[in-house]
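Note sheet for the following structure.
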Amino acid sequence: MSFTQRHLLGIEPLHPAEITAILDLAEDYVALNRSGDKHSEVLKGLTQINMFFENSTRTQASFELAGKRLGADVMNMAMQTSSVKKGETLIDTALTLNAMHPDLLVVRHPHSGAVNLLAEKVNCAVLNAGDGKHEHPTQALLDALTIRRKKGRLHRLTVAICGDIAHSRVARSNLILLGKMENRVRLIGPPTLMPAGVAEFGCEVYDDMQKGLEGADVVMMLRLQKERMDGGFIPSEREYYHRYGLDAEKLAFAKDDAIVMHPGPMNRGVEIDGTIADDINRSVIQEQVEMGVAVRMAAMDLLARNLLAARAAQA
Ligand code: NCD
């Protein structure tokens, strides 16, 4: 089998063939999700626990739906009211849950690296649903599936990722994935929102939307992650929108058939004009949400197969 991982902690450890394996299986789940009976039993008898230590709408809902459609027993831990608030450490919480024998643990955490640490302490498959500024692998995979379906391929494309790159795990996972699949990645944003050492990823960096968008096949907009900022990274939202907000005028610099993406949540009038976001001829934002469920089903299916095979080998 081409997918050999025990966990899905990031895009970094994945081989291109493993990325393709997830996307190919996700195609089957897109079809299932569009059919009358959306149920499968591939996770029957398995327990999935979702632990979100940070707010989420799309990611949490789609992981829950994905597990339920595959027949798993899904539990959502309400982390706001859990013992974490009483001072229990992440590791103690993980060990407590581990004693309940989960099979799949889906974790989102505000600290980079927290999910990797947790994966070392438990004996089930762990999926990273976003850790700090580090990685958000299922987001990059759902973006890749959306691009592959819209553009007919996932290589030799020019993809512009625009906005708050420095604080974005979505940007990081995407640029790693797109690089592995041999695309040209451009990062566009004010220098204050570019991470240090960005050159090592082999992408081009621009602080001007016109230059950066020229010839782009895909325009990916990012939210200003104000919760991760501790000072004045931008002069004002108005000024930011003027220079970096995607409107029809700036989109015209990209290719005529360029698609517009956004992982959500969107701030209309800050990083993107509402009319562009709603333009069904250009924006694929709703498709991204649809692909999210399918990609998460595929990832959990593949991890569960590896988990069950490892358990069988041990028995
Ligand atoms: C992103 C995240 O949480 O990293 N949202 C998401 O998962 N769709 C992006 C963001 O918060 O801006």
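Values as computed for the structure displayed
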item: Cross-link pairs Lys38/Lys180; Lys68/Lys133; Lys38/Lys133; Lys151/Lys211; Lys133/Lys226; Lys180/Lys226 - those with Cα-Cα distance over 24 Å; result: Lys38/Lys180; Lys68/Lys133; Lys38/Lys133; Lys180/Lys226
item: Loop-located GluC sites (Glu not before Pro) in the stretch 168-209 whose Cβ has at most 12 other Cβ within 10 Å (DSSP); result: Glu182
item: Efficiency of FRET between Glu200 and Arg228 - r from beta-carbon atoms, R0 30 angstrom, step 0.05; result: 0.90
item: Proximal aspartates and glutamates to Lys150, defined as alpha-carbon separation beneath 18 angstrom and excluding residues fewer than eight positions away on the same chain; result: Asp24, Glu27, Asp28, Glu182, Asp217, Asp256, Asp257, Asp278, Asp279, Glu287, Glu290
item: Where labels lie 7 Å past Cα in the beta-carbon direction, separation of Met100 and Thr4 in nm; result: 3.4 nm
item: GNM top mover of Thr89, Thr20, Thr47 - the chain, alpha-carbon springs below 10 Å; result: Thr89
item: Relative contact order, percent, the chain [alpha-carbon distance under 8 Å, six or more residues apart]; result: 21 percent
item: Under Karplus coefficients 6.51, -1.76 and 1.60, residue-wise ³J(HN,Hα) of the stretch 246-259 in Hz, glycine/proline x; result: 7, 10, 4, 4, 6, 4, 5, 6, 7, 4, 4, 9, 5, 9
item: Accessible area (Å², per residue) of the stretch 87-213, counting only protein heavy atoms and a probe of 1.4 Å; result: 36 Å²
item: Projected label distance in nm at Glu249 and Arg34, using a 7 Å step from Cα toward the beta-carbon; result: 3.8 nm
item: Value at 222 nm in deg cm²/dmol, rounded to 500, when DSSP H runs of n ≥ 4 in the chain each add -39,500 (n - 2.57); result: -12000 deg cm²/dmol
item: Over the chain, equivalent-ellipsoid semi-axes from the Cα gyration tensor in Å; result: 33, 22, 17
item: Residue-span extension gain [Thr89 to Gln286] - 0.36 nm each, minus C-alpha spacing; result: 67.2 nm
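The values are calculated or read from the model by the stated rules, or taken from the named source; none is laboratory data. Everything numeric in this text was worked out from a predicted model, so none of it was measured. As a convention, Cβ positions derive from the backbone with ideal geometry for all residues, glycine included, and neighbour counts pool all protein chains shown. We work out accessible area using only protein heavy atoms, side chains counted, and drop any ligands, DNA or RNA first. Shrake-Rupley method; radii C 1.70, N 1.55, O 1.52, S 1.80 Å.
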